[in-house]
Amino acid sequence: MTPVVVPDAPAATLSDAWRRCVGTGRLNLALRRDYQDSLALVQSEIGFRYLRGHGLLSDDVGIHRPYDAAGHRGTRYSFTYADQIVDSWLGLGIKPFVELGFMPSGLASGDQTVFWWKGNVTPPRDHREWAALVGAVVRHAVDRYGLEEVRTWPFEVWNEPNLVHFWEGASQEAYFRLYEVTAAAVKEVDASLQVGGPAISPGAEEWWEPFTRFVEARDVPVDFLSFHAYTTGPAQPVPFGTYQTLRRPQSLLDQFAAPAKLVAGTRLEGLPTHVTEFSTSYRPDNPVHDTAYQAASVAPVLAAGGDHVDSFSYWTFCDVFEEENIPTSVFHGGFGMLGHRQLRKPVFHLYAFMARMGGDVLHRGEDHLVTRDGAGRVTVLAWQPVGGTDDGDEPDRHELRLSVPVGGGATTAYVHRSRVGEHDGNAFSAWRELGRPASPTARQLDLLHEASAPAREHASVPVTQGRADLRLSLGRHEVTLVEIDPVRDETPAWLDDARIVGRTAEAAG
């Protein structure tokens, strides 16, 4: 195999769009210890910038509190839970990407709800009261965290209003009115605060033109655009689970790129663009989320997504998530990159691998990304390319050979490899081998945590004329990280490892 010659000069700077934002279950869940433990783990190994989820204004966070008692009638805004949630996030170095929704029952015009936890998805019965609620939320944030901090928070208006499940009747007219009122309420607090939308689901391209026309005609503020991207087809339900067909990973990148083309030549052209949800499946009970395929399919998206958008938010960081009721087993196809009990899935390791990449991009191909950091360490993220349902199974092996630059005048390099795949770093595979225990025992959990660790190996390779030859054989659905450090040999002349009992001359190096 002819090696791919990786250039020594950087071609670009690695975008941080891949970790600028991540999704979460409804905000009330942030009060739970397992949620907090999971977020702390994600932040320690990956370090996302923003967190977005539903339900800030839903009843279980308790901000909107109408009262009528003892001769007193009105509305009180309570931030008891909201403060705990945001305080805990900021304490872990992650900011809110604020989704303004769903409708408090005391302000709702109807009783249509979504999910097991019954988020109300009807317009406000009184838009002035809705504006007062939004203004109160934003003012409280400014009072508590400071204007300069809150200016860094995006405020997104609602979630997927193009779907009847999330917005009564999927009415554009009603959403546009909500958007206008909400944007005005946010800007009334401070004109520099960021507000945007329309947070539409995949396949809703017909919303872009009327949304653009509406905000242009009425001079409505829009500071960023937001939308969602998934690759799955219709749901195929089974008890407590769902299967779906899949499109190729390239479909996600195509979806990322589409809105910029649709708003070209309008006032919205050039605005920051955020994919506030993306994954393979849009179902929280699809087993694909737990697999090595998930990681291999997302890898090229992380490598190239920043070419198209300013952020793309993986949905979600953990399986503490209850849209379709409480999960019935520890692995259940949940959205999270972490399972329950902080079980690391292959896609979690993909993100952790990306967090260890350098800042300078040396090369990018269909199956690899090569970077270098300021200390001269070269990192290679490699993956087996995967297709969709119509493409058939991937082969058992995928070969990659790279000629990698190694600086510092080194004659050898240390190569450290971490990998996950169908077996390595795969707690879901181990769980199946254990008989799919719905509620694992303490021992089984220990075994699953051990099985979730990536396989690791290391070696010393020669450097010739400033280059090391790297030959990688990847298993099915494997994602691997290779870290290459130039070696400065400090071995004293009198040491002879061959004299160590049990060491042959060859093993001693």
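Since every read-out is calculated from the coordinates, none of them should be taken as a lab result. Keep in mind that what you see is a predicted model, and the values were worked out from it rather than measured. Here the Cβ positions follow ideal geometry from the backbone for every residue, glycine too, while neighbour counts run over all protein chains shown.
The figures follow:
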item	result
3J(HN,Hα) from dihedral phi, the stretch 211-221, Karplus parametrisation 6.51/-1.76/1.60, rounded to Hz, x for glycine, proline	5, 4, 4, 5, 5, 6, 5, 9, 6, 8, x
Debye-sum result for the stretch 291-414 in log10 I(q)/I(0), which assumes one identical scatterer on each alpha carbon, at q = 0.13, 0.18 Å⁻¹	-0.67, -1.09
Alpha-carbon Rg with Dmax, taken over the chain, Å	25.1, 93
Neighbour net charge for GLY110 - beta-carbon separation under 9 angstrom, K R +1, D E -1	-1
nm² value of the averaged projected area, convex hull over the Cα atoms of the stretch 1-124	13.0 nm²
Cα-derived Rg to Rh of the stretch 105-149, Kirkwood definition	1.13
Gyration tensor over alpha-carbon atoms, the stretch 136-230, equivalent ellipsoid semi-axes in Å	25, 14, 12
Student exercise, the chain dipole from Lys, Arg, Asp, Glu Cβ charges, in Debye to nearest 20	560 debye
Sorted largest first, extent of the stretch 194-312 alpha carbons per principal axis (Å)	48, 30, 22
For the stretch 197-349, size of Cβ-based charge dipole, Lys and Arg +1, Asp and Glu -1, in debye	400 debye
Built amide H within the under 5 Å cut-off of LEU14, gap 5+	ASP360, VAL361
Phi to ³J(HN,Hα) by Karplus 6.51 cos²θ - 1.76 cosθ + 1.60 over the stretch 409-421, Hz, x for Gly, Pro	x, 5, 9, 9, 9, 8, 10, 10, 10, 10, 9, 10, x
Estimated dipole of the stretch 91-225 in Debye, rounded to 20 [Cβ of Lys and Arg +1, of Asp and Glu -1, Cα centre]	340 debye
Per-selection Kirkwood Rh - the stretch 38-103 (Cα, Å, 1 d.p.)	13.6 Å
Amide proton proximity set for SER58, modelled H, under 5 Å, gap of 5+	PHE102
Longest site-free stretch - the chain; sites: chymotrypsin sites (Phe, Trp or Tyr not before Pro), DSSP loop, at most 14 other Cβ within 10 Å	241-493
Normalised per residue, the volume of the convex hull around the Cα set of the stretch 281-362 (Å³)	99 Å³
Value of D in µm² per second that Stokes-Einstein yields for the stretch 162-205, Kirkwood Rh from Cα pairs, at 20 °C (1.002 mPa s)	185 µm²/s
Rh (Kirkwood; distinct C-alpha pairs) - the stretch 327-373, Å	12.7 Å
5 angstrom amide H check on VAL22, placed H, neighbours 5+ away	TYR50, LEU51, ARG52
Equivalent ellipsoid semi-axes, the stretch 431-509, via Cα gyration tensor eigenvalues times 5, rooted, Å	39, 21, 11
Per-residue ³J(HN,Hα) for the stretch 72-85, Karplus 6.51 cos²θ - 1.76 cosθ + 1.60, θ = phi - 60°, Hz, x for Gly and Pro	10, 9, x, 9, 10, 9, 10, 10, 4, 6, 4, 5, 4, 5
